[in-house]
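Below is one structure; the comments refer to it alone.
What follows draws every value from the coordinates through simple rules; no lab data is involved. None of the values given here were measured: they were computed from a predicted structure. Glycine gets a Cβ as well: all are built from the backbone with ideal geometry, and neighbour counts include every protein chain shown.
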Amino acid sequence: MDSLEEVALAVHNCFDCPLHRGRNSAVPGEGNPDAQLMFIGEGPGYHEDRQGRPFVGPAGQLLEGLLASIGTNRDEVFIANMVKCRPPDNRDPEPAEIAACKKYLERQIELVNPKLIVTLGRFSLGRFFPGESVTRARGKARQKDGRIIFPVLHPAAALRRPELRKTLVEDFRAIAALLENGNDGENGNDGATLTPQPATIPAEPPAPQLDIFNPPEAPTPKPPAAPPTEPTESEPATSGNPPPEPPGSPTPSTPERPDGPQQLSLL
Ligand code: URA
Ligand code: SF4
């Protein structure tokens, strides 16, 4: 498999585990082949299986909102799963299925060569740190094989338990910071394009500088600090619905930012 296209072709023609029987379409994964940031989920659900694309159902909508909250989107990153075919009734993938499917994910990681891998939920956490609890591991960046691994909760968990959304939002802020700061991996696409671009940032008072590991409960402006970060009003946590941000919608609490959400210019 010399390219991501070849990986995808092999996945679509794969019969190496019982999951092939129930699939409508395999879901190889997709995104920017040169992404610095790669997300690894668990496996396709109903909508993914229908469309052959990862994270296109409700969990995907939440993921897209989280990506938007840090100034990026699904075309800039690469999104893959531990298993490429939908487990029946969305049951957990079995160890033998994960093992059979591993070769595809491994090759995707090699080919994309991301600087930062974000694991979504416990199965992809297990790929890097077997046996660890996602509740304990989440939000802590660690080096593994020359890359930065950053575990977070699975978005579907935050859909089931809305009180977890805040944690996910905070962890995504940390992702943005890691991409901007961490250039210490030996592998991985370089962060050259990560330099914040002042031209995209309004000249108004800078947004509060967030301490990503101790984010404030409420937006409390502090003295100027650069680079400015995303206004908290754009957080998906403030909405019951998955979040794409309506650029033209009224944002009464941020009249000084009429142009909508600030771009972190991650990519
Ligand atoms: N959940 C996952 O883990 N992966 C998907 O692609 C969709 C939902
Ligand atoms: Fe092949 Fe992976 Fe699908 Fe199993 S889940 S049939 S190993 S592509």
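List of remarks:
- Cα-based reach from Lys102 at 28 Å (exclusive), listing lysines while leaving out same-chain residues under 8 positions away: Lys84, Lys115, Lys140, Lys144
- Working from Cα pairs under 8 Å separated by at least six residues, relative contact order for the stretch 42-103 is 42 percent.
- For the stretch 4-194, size of Cβ-based charge dipole, Lys and Arg +1, Asp and Glu -1, in debye: 660
- Sequence-distant contacts, meaning Cα pairs under 8 Å at least 6 residues apart, place the relative contact order of the stretch 4-194 at 24 percent.
- Extending 7 Å from the Cα toward the beta-carbon at both Asp92 and Arg21 defines two label points whose distance is 2.1 nm.
- Cut-off under 5 Å, modelled amide H: who pairs with Asn81 long-range: Gly41
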